[in-house]
1. Tell me the Rg and the Dmax, in Å, that the Cα atoms of the chain produce.
2. When only C-alpha pairs under 8 Å and at least 6 residues apart count, what is the relative contact order of the chain, in percent?
3. So what's the back-of-envelope 222 nm ellipticity for the chain, counting only DSSP H runs of four-plus at -39500 (n - 2.57) apiece and dividing by all residues, rounded to 500?
4. Considering amide H positions built from the backbone, and no H for Pro or chain starts, which residues 5 or more places from Ala15, or on another chain, come under 5 Å of its amide H?
5. For a test of the definition: using alpha carbon positions, the gyration tensor, and the 1.5 limit on a/c, classify region 165-219 as rounded, prolate or oblate.
6. If you take the square roots of the eigenvalues of the alpha-carbon gyration tensor of region 18-57 and sort them as a ≥ b ≥ c, do you get rounded (a/c under 1.5), prolate (a/b over b/c) or oblate?
7. Count charges around Lys169 for me, please; just the other residues with Cβ under 13 Å from its Cβ, Lys/Arg as +1, Asp/Glu as -1.
8. Which of Val147, Pro25, Ala40 sits farthest toward the positive end of the charge dipole of the chain, with +1 on the Cβ of Lys and Arg and -1 on the Cβ of Asp and Glu?
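What follows is calculated from the coordinates using simple rules that are stated; it is not laboratory data. Only a predicted model underlies this, so the values are computations on that prediction, with no experimental measurement involved. Positions of Cβ are backbone-derived with ideal geometry, glycine not excepted, and every protein chain shown enters the neighbour counts.
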Amino acid sequence: MDIEPITPSYHDLTATCAACQTLAPHSQLFVCLKEDCSYALQQKLPVLSPSLFYRREKVFCGACTFRGSHKAHRKYMQRAEPLAFQTASGEMGTKLQMEFDKFMKSGEETAVGFYMQENMDLKNLPPPRIVEYLTKSGTVMEWHRRVAVLNNALKTMSDFRDEGQKFVKEQAEELLTEFSKTSKQIRTILTITQPDMEQLREDRHETHLREMGIDPSAEDAHSSLSSMSSTSTKVSKKKTG
Ligand SMILES: [Zn+2]
Ligand SMILES: [Zn+2]
């Protein structure tokens, strides 16, 4: 694909006359539209910038068009510049338009695209008039600047999708981690057998007594805490064998 520089050089603003080889500014060149003329407009190769139009097509200077070798066809001659803008804007504009449309009509495979398709009213959004916007550029430089503006917008929209995708991925991973962590904790607690639990309670009770300054090995330790009335009541700490 031919990509034109954003700031065209002098070469990009001039072209050579097909008849006399004179170099002339784009605004002073003409094309022949007579059907059977071998120098007529071809429009067979892609023209993705106005400058490229002058390299793809045969153009004539004013002298050759009106007084020189091509004057026989002067009724069919048209200014090249508007045609160059129309052709390039039509081709480049259509390509860019399709890229813009993709953001509104597809992308369900991404999180942001899916959300947009499911929850937003995209049908009534006015599409940008890209071909017209490019066609109405005053100069080749302005045309390239406008193409750059559109490409930047496409890049920005694409970045929003990528960022959204990254964020959703991170959040999904966090969610899954929390889920399995909880699940694992529950499983660990449930795999402790019933006697183990009894032992665990016992140990905790003894630790508590020690912290209170009571010797858990003294047989009446438990009763001394639970009953104020009697020190003779003997309470077995172990309820099961
Ligand atoms: Zn000429
Ligand atoms: Zn002709």
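1. Rg, Dmax (Cα atoms, Å): 41.7, 136.
2. Working: 235 pairs, mean separation 35.7, N = 241.
This gives 15 percent for the chain.
3. Details: 8 runs with 129 residues, N = 241.
One gets -18000 deg cm²/dmol as the mean residue ellipticity at 222 nm.
4. Excluding prolines and chain starts, which carry no amide H, the hits are Ala24, His26.
5. Because a/c hits 1.5 or more and a/b fails to exceed b/c, region 165-219 counts as oblate.
6. On the way: a/c = 2.00, a/b = 1.06, b/c = 1.90.
It is oblate, given that a/c is not under 1.5 and a/b is not larger than b/c.
7. Working: positive: Arg161, Lys166; negative: Asp162, Glu163, Glu170, Glu173, Glu174.
Neighbour charge sum, excluding Lys169 itself: -3.
8. So the residue we want is Ala40.
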